Amino acid sequence: MSMTPEEFKDIRPYDDAEVRGAIDSLLHDRQFSHILKGMVPFLPLGVSRGILRLATVGIHSTLGFQLRFMKPIVKLILRRCSTGHSFVHDGIAPGPERYTFISNHRDIVLDSAILDLMLHDAHFPTTCEIAIGDNLLIYPWIRTLVRLNKAFIVQRSLPMREMLKASQTMSRYMHYAINEKHENIWIAQREGRAKDSSDQTQTSLLKMLAIGAEDTATAIERLKNLHIVPLAISYEYDPCDYLKAQEFQLKRDNPEWKKSKQDDLTNMKTGIFGQKGHVHYQTGSPVNKWIDTLAEQPEKEFFQAFAQRMDREIHHSYQLYPGNYVAADLLDEANGANKPNEARYSPADKATFEKYLQERVTLAAQGLQAAGVTPDTVFLRERILTMYANPARNMIKD
């Protein structure tokens with residue numbers, strides 16, 4: 001494989017020629033060794049490092065690293081931390097086409113990793129290059145690991161003037177990855193997760209995708225060249241729901257509050273190893289099938305309409321679980337309204353979700369108390385309910 005052009009050196013994944021050296025540096029990183037030890041605590045540190053070394057023998061490409069190293073880990077996580085997973089990909093099929101998957105954002109690490117597993121198991125010819133924000137690359141070993149895992153870096157901590165240039169470079173890179181490297185791409189529909197699970201596509205993302213290709217191409221032609229596919233990610237249970245509720249109260253009580261590096265690590269670990277229930281991925285209608293219907297609108301209105309259609313495709317591709325409907329009805333009931341979704345769940349479903357809800361409120365309250373903050377359990381309960389209700393509300397609304 002040829003080397004990636006120099007202009008992308010600060011953001012690209014490793015080229016295949018760099019993979020072996022990157023793996024060796026990871027194996028010698030003390031922090032990464034302790035993370036690995038945490039995954040297999042029953043093994044001595046030297047043994048776990050030796051197993052990793054053996055597991056990576058013969059890997060000389062980022063795709064090889066994903067399939068040999070990451071895929072078994074993701075399968076193990078799903079086996080231990082979910083009750084099952086499913087993938088519906090109507091409108092796209094394995095073949096020579098490459099796609100840019102734009103999805104809602106449920107987990108910092110696993111969104112793209114699970115997609116890679118599902119694509120491979122569905123016999124798509126390759127996995128995805130992954131957009132990841134530089135704010136998450138808080139330690140050198142994380143940067144090394146994600147670049148081995150085909151991640152390209154979204155530079156977010158730049159002054160405004162430099163940010164525009166960085167956006168243009170990233171857009172050019174994505175067009176290059178799709179059309180020259182023949183890679184799929186995954187990118188979230190917005191910066192950061194929607195903590196209330198009301199998923200909305202940022203028009204700024206779509207505008208970024210429309211720049212950076214040939215100067216003679218129109219915005220629609222540039223977008224078509226990326227072969228965009230809306231993708232909905234649905235978790236029955238969000239392992240980080242109680243952490244998000246804590247953040248809501250901390251932000252409410254102190255608007256200047258910001259997460260620490262340790263908070264980010266806690267979210268990553270909880271998202272990966274927490275219980276998820278059932279996990280479902282489903283594609284919406286590919287953008288190239290309908291984008292021409294938006295072509296007559298002025299630019300501002302075009303991107304707004306494009307974002308709204310992306311939202312509708314994602315919202316209608318959700319898989320909703322009984323807890324989503326129970327949460328929506330509990331909120332309506334608290335506001336004196338009817339419970340329109342009552343036929344969609346049983347009394348046992350409601351009892352199961354209410355028990356789960358109380359456990360999560362308790363966890364959130366305990367975390368706040370440990371930080372010296374008096375928990376507002378009514379507020380925490382409402383925030384967690386809203387996280388589960390919004391997917392149902394969005395599907396009904398759209």
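The values are calculated or read from the model by the stated rules, or taken from the named source; none is laboratory data. Since the model is a prediction, treat every value here as computed from it, not as a measurement. So basically every Cβ, Gly included, is an ideal-geometry build from the backbone, and we count neighbours across all protein chains shown.
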* **Matching option when the condition is within 29 Å of Asp376 (Cβ to Cβ) and either in a helix (DSSP H, G or I) or in contact with a Gly (Cβ under 9 Å, 6 or more places away or on another chain) (or both), among Ala343, Ala337, Ala307, Ala351** => Ala351
* Restricting attention to the range 362-398, which residues are of a type in the set (A, V, I, L, M, F, W, C), in contact with a helix residue (DSSP H, G or I) (Cβ under 7 Å, 6 or more places away or on another chain) and within 18 Å of Asp329 (Cα to Cα)? -> Phe379, Leu380, Ile384, Leu385, Met387, Ala389, Ala392, Met395
* To do: Determine, yes or no, whether Gly50 is within 25 Å of the chain's Cα centre (by Cα), at pLDDT below 70 and outside any loop (DSSP other than H, G, I, E, B).
  => no
* **In the range 144-154, the residues that are under 17 Å from the mean Cα position of the chain (by Cα) and not in a strand (DSSP E or B)** => Leu145, Val146, Arg147, Asn149, Lys150
* Taking the range 55-68 only, how many residues are assigned to a helix (DSSP H, G or I) and touching a residue at least 24 places away in the same chain (Cβ under 8 Å)? -> 6
* **Sole residue being at pLDDT 95 or above, aliphatic (A, V, I, L, M) and surrounded by fewer than 17 Cβ atoms within 10 Å (Cβ to Cβ), chosen from Val326, Val373** => Val373
* Criterion: in a loop (DSSP other than H, G, I, E, B) and within 19 Å of the chain's Cα centre (by Cα) - qualifying residue of Gln275, Gln282 -> Gln275
* Structure fact -> Among the residues of the range 155-187, the number that are in a loop (DSSP other than H, G, I, E, B) and either of a type in the set (S, T, N, Q) or farther than 22 Å from Ala17 by Cβ (or both) is 5
* Asked: Based on what the data block shows, is Leu243 modelled with pLDDT of 95 or more and closer than 30 Å to Glu296 by Cα?
  -> no
* Asked: Restricting attention to the range 350-398, and to residues there that are more than 30 Å from Asp311 (Cβ to Cβ) and of a type in the set (Ser, Thr, Tyr), which single residue is farthest from the chain's Cα centre (by Cα)?
  -> Thr374
* To do: Select from the range 143-168 the residues that are surrounded by 16 or more Cβ atoms within 10 Å (Cβ to Cβ), at pLDDT 90 or above and out of contact with any Leu (no Cβ under 6 Å at 6 or more places or on another chain) and list them in ascending order.
  => Leu145, Val146, Arg147, Leu148, Asn149, Lys150, Ala151, Phe152, Ile153, Val154, Ser167
* To do: Would you mind stating whether Thr201 is in contact (Cβ under 8 Å) with a residue 12 or more places away in the chain, of a type in the set (S, T, N, Q) and part of a helix (DSSP H, G or I)?
  => no
* **Yes/no for Gln297 being in a loop (DSSP other than H, G, I, E, B), out of contact with any Asp or Glu (no Cβ under 7 Å at 6 or more places or on another chain) and modelled with pLDDT of 95 or more** => no
* To do: Report yes if Asp90 is touching a residue at least 24 places away in the same chain (Cβ under 8 Å) and in contact with a Phe, Trp or Tyr (Cβ under 9 Å, 6 or more places away or on another chain), otherwise no.
  => no
* Residue under evaluation Pro255, criteria (1) in the same structural domain as Thr374 (by TED's automatic domain parsing); (2) under 27 Å from Asn324 (Cβ atoms), criterion not met -> (2)
* Residues in the range 374-383: is at least one part of a helix (DSSP H, G or I), of a type in the set (A, V, I, L, M), without any contact (Cβ under 8 Å) to a residue 12 or more places away in the chain and not assigned by TED's automatic domain parsing to the domain that holds Ile92? -> yes
